[in-house]
Amino acid sequence: MKNRVREPADLFRVSVKGFVVKDGKVLLVKEKEYKNLETPGGKIEIGESVEDALKREFLEETGHKINIIRPIYTYNRYDYIFIMYLIELKKKVLEPDVTEIRWASKDEIKRMLKNNETDDHDVKIFTNFVNGEFD
């Protein structure tokens, strides 16, 4: 068997997530293959910019175009890197491809944190949200 050269995508994965707050609530999605609600986003494809990946993933998952405001958080776990951006919604142009989209209040986010109903990559940003960082 020949040794094959590992592609960058085989070595580590980089994902981008969008964090949007409206009227004191955070936009969350639930995908078919995951049990928890989470911030929208996903994997950056090879050759794709971070910003283009975020726009594409957000459009696919929520149906909305977005304005990217600024990066607010990074998280890494093993061979996985997440970059979180603060964003704002533009107009809805597509139907989403997730099973659930909803706005979650601070109280709901606190309950999710308490009951371990969040993905690892969202814990820190959710904690910052409930502590008033985005008020």
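The values are calculated or read from the model by the stated rules, or taken from the named source; none is laboratory data. These numbers were taken from a predicted model, which means no experiment stands behind them. Cβ atoms come from the backbone with ideal geometry, glycine included; neighbour counts cover every protein chain shown.
From the residues in region 12-58 that are of a type in the set (S, T, N, Q) and under 9 Å from the mean Cα position of the chain (by Cα), which one is nearest to M112 (Cα to Cα)? Walk me through how you get there before you give the answer.
Filtering region 12-58 for residues of a type in the set (S, T, N, Q) gives 15, 36, 39, 49.
If we keep only those that are under 9 Å from the mean Cα position of the chain (by Cα) too, we end up with 15, 39.
On the way: S15: 22, T39: 13 Å.
Out of the qualifying residues, it is T39.
Looking at (1) in contact (Cβ under 8 Å) with a residue 40 or more places away in the chain; (2) under 22 Å from I44 (Cα atoms), which is the one condition that is false for F129?
Condition (2) is where F129 drops out.
Suppose we filter region 90-122 for residues that are of a type in the set (S, T, N, Q) and either under 14 Å from the mean Cα position of the chain (by Cα) or surrounded by 13 or more Cβ atoms within 10 Å (Cβ to Cβ) (or both); how many remain?
At the first step, the residues of region 90-122 found to be of a type in the set (S, T, N, Q) are 99, 105, 115-116, 118.
Narrowing further to those that are either under 14 Å from the mean Cα position of the chain (by Cα) or surrounded by 13 or more Cβ atoms within 10 Å (Cβ to Cβ) (or both): 105, 118.
So the answer is 2.
Conditions: (1) in a helix (DSSP H, G or I); (2) under 27 Å from R111 (Cα atoms). K32 meets all but one. Number of the miss?
That leaves (1) as the condition not met.
Can you name the condition, by its number, that I69 falls short on among (1) out of contact with any Phe, Trp or Tyr (no Cβ under 6 Å at 6 or more places or on another chain); (2) hydrophobic (A, V, I, L, M, F, W, C); (3) surrounded by 15 or more Cβ atoms within 10 Å (Cβ to Cβ)?
I69 satisfies every listed condition except (3).
Go through region 41-65 and count every residue that is in contact with a strand residue (DSSP E or B) (Cβ under 8 Å, 6 or more places away or on another chain) and either loosely packed, with under 13 Cβ neighbours inside 10 Å or within 9 Å of Y85 (Cβ to Cβ) (or both). Give the derivation first.
Kept after step one, since they are in contact with a strand residue (DSSP E or B) (Cβ under 8 Å, 6 or more places away or on another chain), are these residues of region 41-65: 41-44, 50-51, 53-55, 57-65.
So of that shortlist, the ones also either loosely packed, with under 13 Cβ neighbours inside 10 Å or within 9 Å of Y85 (Cβ to Cβ) (or both) come out as 41, 50-51, 54.
Residues that pass the stated criteria total 4.
If I ask for residues that are basic (K, R), surrounded by 13 or more Cβ atoms within 10 Å (Cβ to Cβ) and under 18 Å from D97 (Cα atoms), which ones from region 20-40 would you list? Break it down into steps so the answer makes sense when it comes.
Filtering region 20-40 down to residues basic (K, R) leaves 22, 25, 30, 32, 35.
Filter once more, keeping what is surrounded by 13 or more Cβ atoms within 10 Å (Cβ to Cβ): 25, 30.
Matches in region 20-40: K30 only.
Can E51 be described as in a helix (DSSP H, G or I) and within 24 Å of I109 (Cα to Cα)?
Here the answer is no, as E51 does not meet what is asked.
For region 85-112, give me each residue that is more than 12 Å from L27 (Cα to Cα), part of a strand (DSSP E or B) and modelled with pLDDT of 95 or more.
Y85
For R4, indicate whether it is at pLDDT below 90 and in contact with a strand residue (DSSP E or B) (Cβ under 7 Å, 6 or more places away or on another chain). Working first, answer last.
Working: at pLDDT below 90: yes; in contact with a strand residue (DSSP E or B) (Cβ under 7 Å, 6 or more places away or on another chain): no.
Criteria not met by R4.
Between G47, G63, G42, which is within 23 Å of F129 (Cα to Cα) and at pLDDT below 95? I'd like the intermediate steps shown before the answer.
Details: G47 fails: within 23 Å of F129 (Cα to Cα); G63 fails: within 23 Å of F129 (Cα to Cα).
Step by step, each of G47, G63, G42 is checked, and only G42 is within 23 Å of F129 (Cα to Cα) and at pLDDT below 95.
For T118, are the conditions met, namely being farther than 14 Å from G41 by Cα, polar (S, T, N, Q), touching a Leu at 6+ places or on another chain (Cβ under 9 Å) and not in a helix (DSSP H, G or I)? Even if it seems obvious, please write down each step before you answer.
Values: farther than 14 Å from G41 by Cα: yes; polar (S, T, N, Q): yes; touching a Leu at 6+ places or on another chain (Cβ under 9 Å): yes; not in a helix (DSSP H, G or I): yes.
So T118 fits the description; yes.
Just one of (1) hydrophobic (A, V, I, L, M, F, W, C); (2) in a helix (DSSP H, G or I); (3) loosely packed, with under 14 Cβ neighbours inside 10 Å trips up I125, so point out which.
Status for I125: all satisfied but (3).
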